[in-house]
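First the structure, in the form of structure tokens, and then the observations on it.
The values are calculated or read from the model by the stated rules, or taken from the named source; none is laboratory data. Just so we're clear, the structure is a prediction, and the values are computed from it rather than from any experiment. Don't worry about glycine lacking a Cβ; one is built from the backbone with ideal geometry, like all the others, and counts go over all protein chains shown.
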Amino acid sequence: MKNILKFLAVFIAITGMGISCTNLDETLEDRLTKDQVTAANVSDLLAELYNTLGSVGDNITFEHTSDDIIQPTRGGDWDDNGAWRALHQHKWDPEHSTIMGAYQMYTAGLFAAIDLLQYETTPQQEAEARFIRAMYIFYIVDGWGQVPMRDPGSALSEYPYVMNSSEAISYVISELEAIVNNLPTNEDSWVVSQAAAHALLAKAYLNKDVYDSDRQSFSFSADNMTKVISNCDAIISSGNYSLESDYFKMFASDNENSSEFILCVHNVRGIRSNGVSGRYYATLHYNQKPSGWNGFTTLADFYDSFEDGDVRKHGEVPAVKAASGLDAGLLYGQQYDETGTALKDRAGNPLFFTKESPIISGGATLETSGIRIMKYTPDYENVDSPDNDVALLRYADVLLMKAEALMRNGDNAAALAIVNQLRSVRNASQLAAINEDVMLAERGRELWNENWRRNDLVRFGKYLDAWAEKPASDPKYLLFPFSSGQLASNPNLQQNPGY
Amino acid sequence: MVGYSYQVNKRWGKGISGQDFTYDEVDYLNQLQAISQDTRNIYSYYDPESELQSFFGRVNFSLYDKFLVTATMRADGSSKFGSNNNYGYFPSAAVAYRISEEAFMPDVIDDLKIRLGWGQTGNQEFPAGASQAQYSITRDGLTRSQFDNPDLKWETSTTFNVGLDFTILDSRLSGTLEYFNKKTKDLLFYAEAAYPSPSSGKVWTNLDAEVLNTGVELSLNGRIVDTKDFTFDLSANISFLKNELQNFARIVETGALHGQGVSGVTSQRFVEGQPLNVFYLLVFEGLDGEGKSVYQEGKQYVGDPNPNQILGISASLRYKNWDMVANFNGAFGHQVYNNTATSILVASNPTKGRNSSPLYMLPGESPDNPLSGSTRYLENGDFLRLNNLTFGYTFKKAPWFFDNARLSVTGQNLFLITDYTGFDPEVNTNKAVDGVPSFGIDYVPYPNSRTFTFGLNVSF
């Protein structure tokens, strides 16, 4: 025992002396730590905050859980253990990787905005960051119904506090109303502007009654709808935006500063494309140009909701047609290459995209089932890193939001006039009357594959309905679940009901 | 005995690449300005340096030659941890009681010892810089890439073991029986951060969870024949192992399967109450009338890649100048996931002009059968391998001017007894997800080779 005590005494003495050998300080050599970031770096932080929006434009979760896209399994391809079926049929569990990924992506954007706001900013920088923060909160409350929040500069060890659905949407509105006047009025469409704030305010007021409820039974308050209208009017009366006469030009590689873009993701050919090439790779067949992954299709019912001649159903981008023979829009029927030769699938069958898209494809139409969705067309100058900008908030949506709010406040005539104004630009026949079903269908035709479909279906009370290859779903699927990892790392977060 | 050690790790690099150089006569690095700008690519990185300094000491003493005591103490300091927790202190102590020294023990027992040990060790395996806030410098600006975690501290394993060593029958038979219990806490884990967080979504943290490893090891060494011309030694050891993850409040997926049709599909989990890397898969029930797979609803915990038993056998024989050594090893009670079969040797291959294997195509299977990760490809990983076999001849009187001479031939990996259908069940293709390790997945591995070595050893 004496030996042990002696040993410990010597040991402690040496340890005490030894600490001075090196004090174990750590420096980060090729990156900065928090103390090194100052107000001078805020413009750099803001540039990267804008870059986070690229992932929003590329997100597929809100479309694949809706009635305008389906991903069939094709033999050995695209089964992915039923992950796509789970999305389409509303059977996901809390560990569904697509949903977890989307939640991570939105909250990472939210974090980038929060982090920037701990530094000293100019009033416009602050307004831009607060807008983007509000936008992420909007997406998260829309999908998950609860929003975990941190204050600028908070430490990891502080558990994020959680805003419920109602608190979150009120916060979005109060934030946007506080900063709108500090935003620029007429900028490139990838810079947050006053119009962007008004457009997001319109979205927020339009959905507020839904988020204030259990999302199953709600009614739209006249005050909120009036706010939708006044925010839309602020954009319309600015005169800075107008409907594009060429619908698919708006999504082609030369769509920079489209007159309909209120806020977009700015992609630059060869430098930054934020995965927009996936939009066409995912849907094109292997034997098309560029050789695709033969994945995403739309549903027959959605295709049939368009009348012939509606330019949003089918069109052409001349440069695309010349380079590959590809049409724009919903690709139905026989496909051709740029020389006009009819294409075949890998088994030698005609490459004829069928109307029906069974969720498990097979037989002669294994590779060819389903109408393809070609909204963002390929940029043949650089198919892997294209120049197409991606719309986040669009003028046609503003018009339709105003029309919907008018309709919900009982002014069907004014609503119909706006919808018909849009339809005439899109070469669609004039409607005689308007109601909820017509309004929802019009939003679908105008905004397909622009990440609003789930939001619209929920607001119109149709999200749980049965549609092709999907039975009616349980109300719990109105909200996405939180993964076990999130519940474990934040005790303030409660799993959504039913999961 | 006391000691001090110091270690520093640095890792940095810079690179430049380009294409379409015009003049081969001039060093490419001296004409970088002339190549097209699109093909130029440059990068640089410099990871944070990590320093590790340790102070350690040990004392041994014995009482009446019967009780042997060893005590050690370490203080390990690492720059990687948060400033609050650079140092970890790791003591250990062991006592042994040599019962054979007692007068009452019969002579047939040469040596008999009971050992009792307890000790702690620390782990600091994670990237330097993990405890600090980090802002990455990008082409467009600056982005917060990591949370700070100043509370990051040493992961500690506490091991308790009790063992019995014996030697009997004039040292003809000896052996060890040992039980161990190792509990690891403050697990260092690249875990999901509480969102909102930087875009990696992860942070190195100490999890409030434990890994419990327990096991029994038995080894026996016997000299079965011991004459002047002929000796035969046989030794065998077997370990019975069990591991379990405890108090783990989350579910972490890993073991990403590879191939078309299984994008994003994972096969393993870290989850409370299950072994590490437990297989979590769809349960395959057979084919339906159309030749398509039928599964039970939902994934299930269906297997364990960690062997329950590990066996080693070694035999050595010597007859006059001839000798022979054989080593066998084996592992039992675990499963291997055959991702090669899931994704490469599939039923649709013949329709695409590729080969498949009858091993992996079921009778009546449709070429349209969707690919899925499932128990169809989870196989028993039991094996016994003849790892090594050596024959040798030692010259009693070396010829010519040599003092000694020996001829030998050695074969490695000579045979493998297993039901596993892939190349080799001793396989571990890295299928980690976000740095969470996988274990026991086979995906187009390079097969173990069989080696023959002929040897001539001489000395002058």
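Name the residue, out of B:N181, B:N149, that is surrounded by fewer than 18 Cβ atoms within 10 Å (Cβ to Cβ), touching a Phe, Trp or Tyr at 6+ places or on another chain (Cβ under 9 Å) and in contact (Cβ under 8 Å) with a residue 12 or more places away in the chain.
Values: B:N149 fails: surrounded by fewer than 18 Cβ atoms within 10 Å (Cβ to Cβ).
The unique qualifying residue is B:N181.
Within region A:51-98, can you find the residues that are touching a His at 6+ places or on another chain (Cβ under 8 Å) and at the interface with another protein chain (Cβ under 8 Å from one of its Cβ atoms)?
Once the filter is applied, which keeps residues that are touching a His at 6+ places or on another chain (Cβ under 8 Å) and at the interface with another protein chain (Cβ under 8 Å from one of its Cβ atoms), region A:51-98 yields A:A83, A:T98.
Inside region A:234-272, can you point out the residues that are within 14 Å of another protein chain (Cβ to nearest Cβ), closer than 13 Å to A:A391 by Cα and part of a loop (DSSP other than H, G, I, E, B)? Explain how you work it out, then say what you get.
Initial filter on region A:234-272 (within 14 Å of another protein chain (Cβ to nearest Cβ)): A:265-272.
If we keep only those that are closer than 13 Å to A:A391 by Cα as well, we get A:265-267.
Answer for region A:234-272, where residues must be within 14 Å of another protein chain (Cβ to nearest Cβ), closer than 13 Å to A:A391 by Cα and part of a loop (DSSP other than H, G, I, E, B): A:H266, A:N267.
Is it true that some residue in region B:1-24 is modelled with pLDDT under 90 and within 12 Å of chain A (Cβ to nearest Cβ)?
Yes, there is a match, as at least one residue in region B:1-24 is modelled with pLDDT under 90 and within 12 Å of chain A (Cβ to nearest Cβ).
Do you know which residues across region B:265-297 are within 12 Å of chain A (Cβ to nearest Cβ), crowded, with 16+ Cβ neighbours inside 10 Å and free of Cβ contacts under 8 Å to residues at least 60 places away in the same chain?
B:R269, B:V271, B:Y280
Given the residues A:D79, A:D30, A:D35, A:D25, which is the only one that is over 25 Å from the mean Cα position of the chain (by Cα), at pLDDT below 90 and either closer than 30 Å to B:V346 by Cα or surrounded by fewer than 21 Cβ atoms within 10 Å (Cβ to Cβ) (or both)?
On the way: A:D79 fails: over 25 Å from the mean Cα position of the chain (by Cα); A:D30 fails: at pLDDT below 90; A:D35 fails: at pLDDT below 90.
Selected residue: A:D25, the only one of A:D79, A:D30, A:D35, A:D25 that is over 25 Å from the mean Cα position of the chain (by Cα), at pLDDT below 90 and either closer than 30 Å to B:V346 by Cα or surrounded by fewer than 21 Cβ atoms within 10 Å (Cβ to Cβ) (or both).
Can you tell me which residue within region B:306-341, out of those that are among the polar types (S, T, N, Q) and more than 24 Å from the chain's Cα centre (by Cα), is farthest from B:T375 (Cα to Cα)? Can you show your working first?
At the first step, the residues of region B:306-341 found to be among the polar types (S, T, N, Q) are B:306, B:308-309, B:314, B:316, B:321, B:327, B:329, B:335, B:338-340.
Imposing the further condition that a residue be more than 24 Å from the chain's Cα centre (by Cα) reduces the set to B:316, B:321.
Numbers: B:S316: 41, B:N321: 53 Å.
My answer is B:N321.
What residue, among those in region A:106-121 that are more than 8 Å from chain B (Cβ to nearest Cβ) and without any contact (Cβ under 8 Å) to a residue 60 or more places away in the chain, is nearest to the chain's Cα centre (by Cα)?
For region A:106-121, the residue satisfying everything is A:Y106.
Report whether or not A:Q124 is closer than 30 Å to B:T205 by Cβ and in contact (Cβ under 8 Å) with a residue 12 or more places away in the chain. I'd like the intermediate steps shown before the answer.
Values: closer than 30 Å to B:T205 by Cβ: no; in contact (Cβ under 8 Å) with a residue 12 or more places away in the chain: yes.
For A:Q124, the condition - closer than 30 Å to B:T205 by Cβ and in contact (Cβ under 8 Å) with a residue 12 or more places away in the chain - is not met.
Scanning region B:227-247 for residues that are touching a Leu at 6+ places or on another chain (Cβ under 7 Å) and closer than 30 Å to A:E95 by Cβ, which turns out farthest from the other protein chains (Cβ to nearest Cβ)?
Ranking the candidates gives B:N243 first.
Yes or no, residue by residue, for (1) more than 14 Å from chain A (Cβ to nearest Cβ); (2) under 27 Å from B:A236 (Cα atoms); (3) crowded, with 17+ Cβ neighbours inside 10 Å:
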{"site": "B:V336", "(1), (2), (3)": "yes, yes, yes"}
{"site": "B:S343", "(1), (2), (3)": "no, no, yes"}
{"site": "B:Y360", "(1), (2), (3)": "no, no, yes"}
{"site": "B:N388", "(1), (2), (3)": "yes, yes, yes"}
{"site": "B:G392", "(1), (2), (3)": "yes, yes, yes"}
{"site": "B:F402", "(1), (2), (3)": "yes, no, no"}
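Let me confirm something: among A:E175, A:E158, A:E187, A:E95, which residue is at pLDDT 95 or above and of a type in the set (D, E)?
After ruling out the rest, the residue left standing is A:E175.
Listed here are the residues, each with its yes/no results for (1) under 19 Å from the mean Cα position of the chain (by Cα); (2) over 23 Å from B:G129 (Cα atoms).
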position: B:F189; (1), (2): yes, no
position: B:E192; (1), (2): no, no
position: B:Y195; (1), (2): no, no
position: B:P198; (1), (2): no, no
position: B:V203; (1), (2): no, no
position: B:N206; (1), (2): no, no
position: B:V211; (1), (2): yes, yes
position: B:N221; (1), (2): no, yes
